[in-house]
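Here, each number is a calculation from the coordinates, and none is a lab measurement. Predicted model, so just to flag it, every value in this text is computed and none were measured. Ideal geometry is used to build each Cβ from the backbone, glycine not excepted, and the neighbour counts take in all protein chains shown.
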Amino acid sequence: MKQKCIVGLSGGVDSSTSAAIMKERGYEVIGCTFRMVESDGANLAIADAKRVADYLGIEHEVVDCVADFRRHVVDYFVQSYEVGVTPNPCIMCNKFLKFKYLEELKERRSADMIATGHYARLRKIGDKVELLQAASLERDQSYFLYRVDGDILKHTEFPLGDYHKSHTRELAAKFGIHVAEKSDSQDVCFIPNGDYAAFIRDHSSGVFSEGEIVNENGEVLGRHEGLVNYTVGQRKGLGLSGGPFFVKRLNVGANQVVVSDKNGVGMVKIDLKSVVFIEEPRIGDCQVKIRSTTKKIDAKIVKNSDEYSVILAVAEYGVAGGQHCVFYDRDKVLGGGVIC
């Protein structure tokens, strides 16, 4: 009998190509599309996914997870900005929705494995699994996957892990998939126009009023247009003379943007919370990424009581509370935590 595989099918080129690859490998493939929001865009994505499934001759199931998406992703996103920290909704979505629902569907349909269109690799050794960076570092998404449960990863496949995006599009065209040239989705899928501030205002009970821009000594340097419009490390758009100035932190209680010179926003020691490890806890030398788009930095993991910190080999700028610091050993993901 063929092994059965549940493939997360978003209607985009990556997931569609992954489904085609898994079918070509001989699996009985079931495409799973999530309805996360009620919108015309979501309906179009579901229609694209169904068209792909029909073309590939695979079963297709739409799973409603609107309520969980709002609770674990949208509310988390808005509430993070309300308290002055920078969220990462993709990490939360992978942890609490995508892989959770794929795993549940796998169990319900008595499938053998799941697969997604993520650019990452897995190395399976006996009953253990290692999460690795993708072969194409410019497309690597391992940063967003570090919180996915290791037991789920043991029966997961990332068919695109060894490919560059150009190769994926070539494969999609070869398979005859109609979304081969479809543009990539936005980083934050539920804000298609990219206007975070407007979205947060529409979904928040908080007040985003104008306030003061101050230096570290509390001296008023100017006015801000609402904390929601600023992020740690930001330099442009502050409207200040002199400088250059960088956002050091957002003081929600006083409704102030605190700025400093570049030296003031450099950090060598980063305190973390909610730290997880894919295998055993690790202390000592590693490399870290403090944003998905940055290169890895040499660092050391240290533990004091029940809390973890990382000590960077060189100062890093624009380290934002609420973002995630992910630990690596060369191309292997060790774990990570939330920046305090």
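Sites listed here are GluC sites (Glu not before Pro) in segment 247-319 whose DSSP assignment is loop and whose Cβ has at most 15 other Cβ atoms within 10 Å: GLU279.
Cα-based values for segment 235-292, radius of gyration first and Dmax second, are 16.4, 50 Å. DSSP bridge analysis restricted to the chain gives an antiparallel fraction near 70%, rounded to the nearest 5. Which of the listed residues, PHE190, SER136, VAL74, is farthest toward the dipole's positive end in the chain, when Lys, Arg count +1 and Asp, Glu count -1 at the beta-carbon? It is SER136, whose Cα lies furthest towards the positive end.
For segment 265-339, the Kirkwood estimate of hydrodynamic radius, built from reciprocal distances between every pair of different alpha carbons, is 12.0 Å. To the nearest ten degrees, helix 99-108 and the longest principal axis of the Cα atoms of the chain are 30 degrees apart. Using the rule -39500 (n - 2.57) for each DSSP H run of four or more residues, divided by the residues of the chain, the 222 nm mean residue ellipticity is -6500 deg cm²/dmol.
Fully extending the segment from ASP298 to ALA47 would add 85.9 nm, taking 0.36 nm per residue of separation and subtracting the current Cα-Cα distance.
Sorting 128-135, 166-173 by their mean Cβ neighbour count within 10 Å, with the most densely packed peptide first, gives 128-135, 166-173. Relative to the longest principal Cα axis of the chain, at what angle does helix 165-175 sit, 0 to 90 degrees, rounded to 10? That works out to roughly 20 degrees. Applying both filters, DSSP loop and at most 14 other Cβ atoms within 10 Å, to the chymotrypsin sites (Phe, Trp or Tyr not before Pro) of segment 229-268 eliminates every site. Among (i) 5, 23, 30, 24, 13, 4, 0, 0; (ii) 5, 21, 26, 19, 11, 6, 4, 3, 2, 1, 0, 0; (iii) 5, 17, 20, 17, 10, 8, 8, 7, 5, 2, 0, which one is P(r) over Cα pairs in 10 Å bins from 0, in percent computed from these coordinates? Identified label for the calculated read-out: (i).
The alpha-carbon of LYS100 sits under 23 angstrom from the alpha-carbons of these lysines, leaving out residues fewer than 8 places away in its chain: LYS4, LYS23, LYS50, LYS124, LYS128, LYS154, LYS273, LYS332.
Just to confirm the filter: which trypsin sites (Lys or Arg not before Pro) across segment 1-88 are DSSP coil and have at most 16 other Cβ within 10 angstrom of their Cβ? Walk me through the numbers on the way to the answer.
Details: sites: LYS2, LYS4, LYS23, ARG25, ARG35, LYS50, ARG51, ARG70, ARG71; in loops: LYS2, ARG25.
Passing both the DSSP loop test and the Cβ count: LYS2, ARG25.
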